[in-house]
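Structure record follows, encoded as structure tokens.
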Amino acid sequence: MNTSSQISGFYRLSVEERRQFVVDWAALTAEQAATLESGLTLAQADKMIENVIGLHALPLGIATNFLINGRDVLVPMVVEEPSVVAGASFAAKLARAGGGFHAETTESLMIGQIQVLGLTDLSAAAGRVQAQKQRLLDLANRTDPVIVSLHGGARDIETYQFAASPVGPMLVVHVIYDCRDAMGANMVNTACEALAPLVEEITGGRVNLRILSNLADRRLAVARCVVPAAALDTADLPGAVVAQRIVEAHALAVVDPYRAATHNKGIMNGIDAVVLATGNDWRAIEAGAHAYAARDGQYRALSEWSLTAAGDLVGSLELPLAVGTVGGATRVHPTARVALQIMGVTRARDLAEIIVAVGLAQNLAALRALATEGIQRGHMALHARQMAIAAGATGDEVERVAAAMVQERVIRGDRAAQLLAEIRRLLTRGASGADKNPE
Ligand code: MEV
């Protein structure tokens, strides 16, 4: 079996052929293979959230070509937007020409916040908290002996003073908590709630909020890649020019929040798709990413692009990635488990390293398209197909309507409906003999 993730013509296979390829590639069991088709059951869904009445499916695609820390990876992506999976795969191929992605993570440290109000001397209260740090850590660690046995648990206690707020002065106690392979929201929230009475006793104040922070800036993931300029050659432009234009495109996202929001949205196209595929909390990841993008006071690009002395393109991406491989939907959702198996990951940090690499690849794909032919050309065929389906096309009609719209370069719902009506009229006339030459 070929173990490279560089698979030529993967997109040309049928859905069944692609699935069988991945089943063999990742050595999935028959049960796991069946899960790719059946997905979540209604009974499982009913245990996940409240008031369930059905399931809402999304496409699960596979991004190819990823080489991350020297390891070939097929990446499951769940996303409704065309071109995302193709873009990630294409950019992974470009990065592969320079040795692939190099990714790493910090420790899995989350932050829990305990808000203390009603204090007159914040510094004195903060001093008392620091003096009782060990007592607080010991209590926090008694709330979850399992994570402690896995070498995780509460690591540190910090204090932050806000002399002025809309409701007066407040002290915020941070609990720094090592969540190991869990996302950790539950264990951090449990620890914060358990610590609240002791924090009140130590400070003499009143505790209000006890909740984790999604600005997980002690749980960062970073990916880097070098793309040889020659790999960026297009039919119209030499790669060195494309590389320079990508750097220029990035510069706008450094100085302008209007562009940075779109630039980062492109990064999150890739990140969210893997986060969703693995049953992780994409709202938490989104919140952390955007807060991190504004960490110096101005909202900016999360990635960086520059040129080497030789003119090759260097990219990097750093952001908080609080993802888990155990607990929550990751454990309950059968397809999420298979997604982890396809990537061959069991540790949260390995998953985060893949996700950050996909984010960087997605950003590269978008910038390369924007800096060259524009985003619409690649988008058009799939978008046209979606429009055709929305207009009611089925079977062969989908390709016929889509192809006609791409040729006309008019991709609109009303045009799809007109073309569909024309195709059907022609077919009806053909079937009734109206088109036949009487001779
Ligand atoms: C579209 O989903 C994402 C892009 O707008 C990202 C970008 O502009 O960098 C293409």
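A few points about this structure:
- Test: residue in the range 92-103 that is assigned to a helix (DSSP H, G or I), within 16 Å of the ligand (Cβ to nearest atom) and within 23 Å of the chain's Cα centre (by Cα): yes
- Any hit, the range 336-359, residues being at pLDDT below 95 and surrounded by 20 or more Cβ atoms within 10 Å (Cβ to Cβ): no
- Per the listing Leu139, Leu117, Leu109, the residue uniquely at negative phi, surrounded by 18 or more Cβ atoms within 10 Å (Cβ to Cβ) and modelled with pLDDT of 95 or more is Leu109.
- Taken as a whole, the range 235-247 holds no residue that is in the same structural domain as Ala88 (by TED's automatic domain parsing), within 16 Å of the ligand (Cβ to nearest atom) and within 13 Å of the chain's Cα centre (by Cα).
- Only a single criterion out of (1) without any contact (Cβ under 8 Å) to a residue 12 or more places away in the chain; (2) within 29 Å of Met387 (Cβ to Cβ); (3) surrounded by 13 or more Cβ atoms within 10 Å (Cβ to Cβ); (4) among the β-branched types (Val, Ile, Thr) is not satisfied by Val15, namely (3).
- Which numbered condition Asp256 misses (of (1) within 15 Å of the ligand (Cβ to nearest atom); (2) closer than 17 Å to Leu317 by Cα): (2)
- Test: residue in the range 323-333 that is of a type in the set (Gly, Ala, Ser), in contact with a helix residue (DSSP H, G or I) (Cβ under 8 Å, 6 or more places away or on another chain) and modelled with pLDDT of 95 or more: yes
- Verdict on Gln376 being in contact (Cβ under 8 Å) with a residue 60 or more places away in the chain, within 16 Å of the ligand (Cβ to nearest atom) and more than 21 Å from the chain's Cα centre (by Cα): no
- So Leu55, is it buried (at least 18 other Cβ atoms within 10 Å of the Cβ) and more than 20 Å from Asn269 (Cα to Cα): no
- Each residue in the range 344-358 was checked for being touching a residue at least 60 places away in the same chain (Cβ under 8 Å), away from the ligand (no atom under 16 Å from the Cβ) and in a helix (DSSP H, G or I), and 9 pass.
- Helices (runs of 4 or more DSSP H) enclosed by the range 1-72 - at least 2 residues per element that are of a type in the set (Val, Ile, Thr): 15-25
- Residue in the range 420-428 that is in contact with a helix residue (DSSP H, G or I) (Cβ under 6 Å, 6 or more places away or on another chain) and either assigned to a helix (DSSP H, G or I) or on the phi < 0 side of the Ramachandran plot (or both) present: yes
- When Ala294 is tested against (1) touching a residue at least 12 places away in the same chain (Cβ under 8 Å); (2) closer than 19 Å to Ser316 by Cβ; (3) more than 16 Å from the ligand (Cβ to nearest atom), just one condition goes unmet, and that condition is (1).
Here's the yes/no breakdown for (1) modelled with pLDDT of 95 or more; (2) of a type in the set (Lys, Arg); (3) part of a helix (DSSP H, G or I); (4) more than 30 Å from Ala309 (Cα to Cα):
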position: Val173; (1), (2), (3), (4): yes, no, no, yes
position: Met187; (1), (2), (3), (4): yes, no, yes, yes
position: Leu195; (1), (2), (3), (4): yes, no, yes, yes
position: Glu201; (1), (2), (3), (4): yes, no, yes, yes
position: Ile211; (1), (2), (3), (4): yes, no, no, yes
position: Ala221; (1), (2), (3), (4): yes, no, no, no
position: Arg224; (1), (2), (3), (4): yes, yes, no, no
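- Qualifying positions in the range 390-399 - buried (at least 18 other Cβ atoms within 10 Å of the Cβ) and not in a loop (DSSP other than H, G, I, E, B): Glu397, Val398
- Residue check, Ala27 at pLDDT 95 or above and either more than 23 Å from the chain's Cα centre (by Cα) or not assigned by TED's automatic domain parsing to the domain that holds Ala357 (or both): yes
- Flag if Glu397 is over 28 Å from Glu248 (Cα atoms) and either at pLDDT below 95 or within 10 Å of the ligand (Cβ to nearest atom) (or both): yes
- Checking each residue in the range 300-315 for being under 18 Å from the mean Cα position of the chain (by Cα), among the small types (Gly, Ala, Ser) and not in a strand (DSSP E or B) picks out only Ala301.
- Among residues of the range 78-106, those that are at pLDDT below 95 and surrounded by 20 or more Cβ atoms within 10 Å (Cβ to Cβ), counted: 1
- Scanning the range 280-296 for residues that are within 11 Å of the chain's Cα centre (by Cα) and outside any helix (DSSP H, G or I) turns up Asn280, Asp281.
A quick yes/no check of all residues on (1) in a helix (DSSP H, G or I); (2) without any contact (Cβ under 8 Å) to a residue 24 or more places away in the chain:
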| residue | (1), (2) |
| --- | --- |
| Gln298 | no, no |
| Leu317 | no, no |
| Ile342 | yes, no |
| Leu360 | yes, no |
| Leu367 | yes, no |
| Ala402 | yes, yes |
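The values are calculated or read from the model by the stated rules, or taken from the named source; none is laboratory data. Since the model is a prediction, treat every value here as computed from it, not as a measurement. Cβ coordinates were reconstructed from backbone atoms using ideal geometry, including for glycine residues, and neighbour counts include every protein chain displayed.
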